[in-house]
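Just so it is clear, none of the values below were taken in a lab; they were calculated from the coordinates. For clarity, every value in this text was computed on a predicted model and none was experimentally measured. In this analysis, Cβ positions are derived from the backbone assuming ideal geometry, glycine residues included, and neighbour counts consider all displayed protein chains.
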Amino acid sequence: MRPTKALIITVITIFAFSPLAYSKDFIIFNISQQVPMGYKNEKVKKNFFVNIGKIQGVKTGTVLDVHRKVSKLNPLKTWKRHRFNINIGQLEVIHSEDYSSICKRKESKSSKKGDHSLELETFLLGDIVSVNIEKNK
């Protein structure tokens, strides 16, 4: 039995576009926090909801790297657009479901105070998350 042209084209199309079907950015899709009461030295607790979970191997205690894609246009001579992948910080998973997780900000001892490389130095909706391989061996 010989394969038909339509079958061959279908198989080639599936293989050609399969990486696109599986390449997906995992992001922060929601942020919830306590209402600040104005107390001195008050720490407002925040939870970050991400669309990565047990199916992707994430469990309680998993450390996630958070980075932001920034695009800037160079108006000098070339008008070339430059894209940057800026590391924002880390999250630690406190609860995990099949396709989503709840995280808290992971405090790092090496974080530089006064590093003003970003306009907003906190996590935002749409920031990209990925599993930190070094911390989760």
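Projecting label points 7 angstrom from Cα along Cα→Cβ for residue 68 and residue 39 puts them 2.9 nm apart. When the C-alpha to C-alpha distance is required to be over 25 Å, the pairs from 40/104; 72/104; 46/72; 24/54 that qualify are 72/104; 46/72. Residue-wise HN-Hα couplings along the range 56-69, as the Karplus relation 6.51 cos²θ - 1.76 cosθ + 1.60 with θ = phi - 60° gives them from phi, are 8, x, 8, 9, 4, x, 5, 9, 10, 7, 10, 9, 10, 8 Hz; Gly and Pro carry x.
Answer rounded, prolate or oblate for the range 43-109, using the Cα gyration tensor with square roots of eigenvalues a ≥ b ≥ c: rounded when a/c is under 1.5, else prolate when a/b is larger than b/c, else oblate. Verdict is prolate for the range 43-109.
Only Cα pairs under 8 Å and at least 6 apart count here; give the relative contact order of the range 41-98 as a rounded whole percent. Spell out each step's value before the answer.
Working: 75 pairs, mean separation 23.5, N = 58.
So the answer I get is 41 percent.
Take each peptide in 69-75, 86-92, 37-43, count the other Cβ atoms within 10 Å of every residue, and average; sorted highest first, the result is 86-92, 69-75, 37-43.
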